[in-house]
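Have a look at the structure below, then the notes.
FYI, it's all coordinate maths here, none of it is from the lab. Since this is a predicted model, take the numbers as computed values, not measurements. Backbone-built Cβ (ideal geometry, glycine too); neighbour counts: all protein chains shown.
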Amino acid sequence: MKKLLLIAFLALTFMAHAQTITIGEDQTISNQVPIYTLYNYSLTEQIFRADEIEYAGYLNTLRFRIGYSYNSSYTCDIEVYLKHVTKSSFADPADYEPVTPDDLVYSGPWNLPAFLDDWMSITFDTPFAYNGTDNLLIAIKAKADNFAIRYFKYSGASNTVFSCYSDSHNPDPSDLSTFTGIQEVISQRPSIKLVFGGSVELAEDSPNTLSVYPNPANGLLHIDGADHETVRVYDATGRLVMQETCHGTLDISHLQNGLYAVATNTGLVKVLKK
């Protein structure tokens, strides 16, 4: 029996099943969010609360719904940044949230064909590990050589969108102190689909600097080599179930019995909770 358990333990691959969260399906349309296609440059930041999402895991795709279009085709270059935040709204046009290259999940073209009511997808280069407890900030910077008429569906959510745009000044999402275009806070938050899925790689021959004991465990888990690091715990479906800064030990007593992946930026270990 112990031998069979060990074989299962070593062979298990943690896969995240696809999960789509839809927030907002109103029929109202806006040409300002998630990007402002009437201007050469735009940057929007949108806040979605944790109690709206009610999920944790690898977020790998965003989908926005076109409500009206005029031009036959339109392509712009975009950068998408995701970040955990505590704020739930923007206080004023100066209250934007700086993002950095570490927050970048996608950079490349976004093609917007003229199809009414279609959900337009942005699939990330790097999946984002959403923790399910903080609010989610989505920042999208757009650059194009021409303009287009694109209206997206949105749902009203008071002061949850920061927007800036210009025909001549390309905004720096990490610092808008010198931006000369228009900045404002609006309540036209776009309807969105958040698509979770992906995998947690658990190759047996992967480099590993973590030492975890006891294993199996039922309470405190001692983790050597991860002091002051962020430790993430995934269940057997790849769902993020726990994330916190480690100070040598991790309390997993509240987790259900089963197999988990304990991961840091430098290593990953399978742990059996019993």
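With a Förster radius of 30 Å, plug the Cβ-Cβ distance of S177 and L38 into 1/(1 + (r/R0)^6) and report the FRET value to the nearest 0.05.
0.75
Taking the Cα centre of the chain as origin and charging only Cβ (+1 Lys, Arg; -1 Asp, Glu), how large is the dipole, in debye to the nearest 20?
The dipole of the chain has a size of about 940 debye.
In the stretch 96-204, what GluC sites (Glu not before Pro) fall in a loop by DSSP, with at most 12 other Cβ atoms inside 10 Å?
When the GluC sites (Glu not before Pro) of the stretch 96-204 are filtered for loop state and at most 12 Cβ neighbours within 10 Å, E201, E204 remain.
What's the angle, to the nearest 10 degrees (0 to 90), between helix 2-11's Cα axis and the longest principal axis of the chain?
For 2-11 against the chain, the angle is about 20 degrees.
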